[in-house]
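A short worksheet on the structure shown next.
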Amino acid sequence: MKYLVLSLILVFSVFSSLGQGVLEFGDEPETAADTNLLIEAQVLETGKPKSNVNIRILHNGVIINSAKTKSDGFFKLQIGFDTLVTLQFSESGYVTKLIEVDTRNMPQEDRVRGYDAGLFKLSMIRPDSDLPLGLYKNPIAKIVYDPISMNFVMDRAYKKKVKKSFKEADSKPDVIQF
């Protein structure tokens, strides 16, 4: 019994130490906090809203939360500071896409308020024989804190790297749109 209690305490303390972890998914806050990164996005297919896309939030490969897009393709979530997570977008019959979100390396004085990563759009695509699926094993975008603008932005150097990889594979670049 002692070991079970100790194990449960350890599991809960690991998830609570993930830099506040994921604070909100959809409309229901899980942990009250005013300092976090708000991510709002719309998932599309051929330019139209895509509902019921699975979104998993991964920390070190472990799913810490999940949800589905609404009928209008939108979702909203909050991520606490001091954590590195990956958003995984998936649905049967579509290519799984990843976006890395890094809320670490932020000066303490900049943590006094919440932030907004800006609305972005991500397109789901169906695999075909010409699509280089290996390119999707890595994130197609990274969102990071920029100390110059004092806000969260898409990592431009990483975006160039992704575009170059797609170009080398003779495929259309697949990056998110802000």
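The values are calculated or read from the model by the stated rules, or taken from the named source; none is laboratory data. What you see is a predicted model; the values in this text were computed from it and never measured. Ideal geometry is used to build each Cβ from the backbone, glycine not excepted, and the neighbour counts take in all protein chains shown.
The table for this structure:
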quantity	calculated
Of the criteria (1) under 13 Å from the mean Cα position of the chain (by Cα); (2) assigned to a strand (DSSP E or B), which one Tyr145 fails	(1)
Restricting the stretch 148-178 to residues that are among the β-branched types (Val, Ile, Thr) and farther than 29 Å from Ser92 by Cβ, the residue that is nearest to the chain's Cα centre (by Cα)	Val153
Extreme residue, surrounded by the most Cβ atoms within 10 Å (Cβ to Cβ), among residues of the stretch 144-171 that are of a type in the set (A, V, I, L, M) and in contact with a helix residue (DSSP H, G or I) (Cβ under 7 Å, 6 or more places away or on another chain)	Ala169
Filter result for Gly118 (at positive phi and out of contact with any strand residue (DSSP E or B) (no Cβ under 7 Å at 6 or more places or on another chain))	yes
Selection from the stretch 62-113 of residues that are at pLDDT below 95, assigned to a strand (DSSP E or B) and small (Gly, Ala, Ser)	Ser66, Ala67
Residue match in the stretch 21-34 (condition: modelled with pLDDT of 85 or more, surrounded by fewer than 15 Cβ atoms within 10 Å (Cβ to Cβ) and of a type outside the set (Val, Ile, Thr))	no
Which numbered condition Gln78 misses (of (1) within 20 Å of Phe166 (Cα to Cα); (2) surrounded by 14 or more Cβ atoms within 10 Å (Cβ to Cβ))	(1)
Subset of the stretch 148-178 [part of a helix (DSSP H, G or I) and of a type in the set (Lys, Arg)]	Arg156, Lys159, Lys160, Lys161, Lys163, Lys164, Lys167
Total residues in the stretch 63-93, condition under 12 Å from the mean Cα position of the chain (by Cα) and basic (Lys, Arg)	1
Only listed residue being touching a Ser or Thr at 6+ places or on another chain (Cβ under 6 Å), on the phi < 0 side of the Ramachandran plot and in contact (Cβ under 8 Å) with a residue 24 or more places away in the chain, chosen from Leu135, Leu131	Leu135
Filter pass, Asp72 being among the charged types (D, E, K, R) and surrounded by 12 or more Cβ atoms within 10 Å (Cβ to Cβ)	no
